[in-house]
Each structure stands twice: as structure tokens, then as C-alpha cells.
1. Show that you can apply the helix-only estimate: for the chain, add -39,500 (n - 2.57) for every DSSP H stretch of four or more residues, divide by all residues, and state [θ] at 222 nm to the nearest 500.
2. Compute the angle between helix 147-163 and the longest alpha-carbon principal axis of the chain, please, reported from 0 to 90 degrees and rounded to the nearest 10.
3. By a straight-distance test (C-alpha under 18 Å), which aspartates and glutamates pair with Lys12 as possible cross-link partners, with residues fewer than eight away in the same chain excluded?
4. Packing-wise, with mean Cβ within 10 Å as the measure, how do 78-89, 168-179 rank, highest first?
5. Measure nothing fancy, just the Cα-based angle from helix 3-16's long axis to the longest principal axis of the chain, in degrees from 0 to 90, nearest 10.
6. I need the P(r) histogram for segment 3-102: all alpha carbon pairs, bin width 10 Å from 0 out to the longest distance, whole percents.
7. Rank-order 28-40, 152-164 by packing density, defined as the average count of other C-beta atoms within 10 Å over each peptide's residues, highest first.
8. Once the convex hull of the alpha carbons of segment 77-134 is built, what does its volume come to per residue, in cubic angstrom?
Amino acid sequence: MSLLTIFAAFFKIGLFTIGGGLAAIPLLREELVAGGWVSGAEFIDMLAVSQSTPGPIGINMATYAGFKAASFPGSLAATAGMVAPSLIIIILIARFMRNFSDHPLVQNVLGGVRPAAIGLIAAAAWFVLSNSVLLMEHFPGTGWFELPAFTLGAVIALVYWKTKAYPVYYIVAGGLIGIFLF
């Protein structure tokens, strides 16, 4: 796969990702799984590793996928492609927004973008839930429920809600429990 193809694929994802890395997950899944870059199981693994490593999830996933496609140069092309649209847009916004930030049209556009970002984040949450607890991708049509995964997630969420410890502790605990439970 050419570096330009890798850059273009991730530029497209970066251009339409509004709402952060979680909003990028449906676009990344469409490009990477449907495009044949990775399997569905590899995508879930990539998602788990990208969420547990430092840095933005979308960029982590782009770096991983680019490396898988074309080694180190591929990881650079994918990361640059993912970051370039945001960089360009923020430079343009910084240049022109201060003159128009209170304009009703600008406020209406931002008001329409927020629900779209929430929808993309909800789609990402459903994707993770359906592939980790409901296992819909692995058992299509059955809606098979993975009780241990649900229980682990619920217990960690409850403990986090009650104690508010540093999130890394929960990630490590979930990983260690997962080694023995799954």
C-alpha cells in the first residue's frame, strides 16, 4: 500500500472526525475493517490497546494501522494524515473566528455539530458494547450475552464511581482480571 493512499485514508477520517477520538471509531472501523486493512477481532484489539496507551485514541489507532500497512513510514503517513485536517482547520478558525464568533450563523453551525458528535460517540460506545459484551459480531443474530465481561465492566464502573482513583489503576486491574477470566 502506498504512503499516499495511507495518508489520504487517514486525512479523510481526520477531516470528518468531530468530537474527538471516540467519534473517530465508526469511521476508523469502516475504513480499516471494511477496507480489509484489519479483521474485526484485530480492530477490537487495536481499540483496546489504543485506549490504554497514552495519547489520543484516533492517533494511536492511525499509527498502529499505518505501521501494520507499511511499517514505520506507514505509521508516519497515517499519523500525519489523521492530524493534518485538525491542524489546518484550527489555523483557519484561529485566523477568522475571532471576527465572527458571535455571528448567529456560526452559532447555529456549532449547535448542529454538537449532536452529530454525540451521535458518533454513541455509535462508538454501541460498537464496543456489542463486540465486548453482546458479542454480536462473533455470533450474528444470537445477541449472545457475555456475562463475565459485563460483570467486570459494571464492577469497575461502580468502584470508579465510588472511589475516583486514578484511571490507570482500573485499566491495569481490568487487564489482569481479563487475563485470568477470559
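1. -26500 deg cm²/dmol
2. Orientation of helix 147-163: about 70 degrees from the principal axis.
3. Glu30, Glu31
4. Answer by packing, highest mean first, reads 78-89, 168-179.
5. The two axes meet at around 90 degrees.
6. 17, 48, 24, 9, 2
7. 28-40, 152-164
8. 88 Å³
Since every read-out is calculated from the coordinates, none of them should be taken as a lab result. Computed from a predicted model, the values in this text were never measured in an experiment. Using ideal geometry, Cβ is built from the backbone for each residue, glycine included, and neighbour counts are taken over all protein chains shown.
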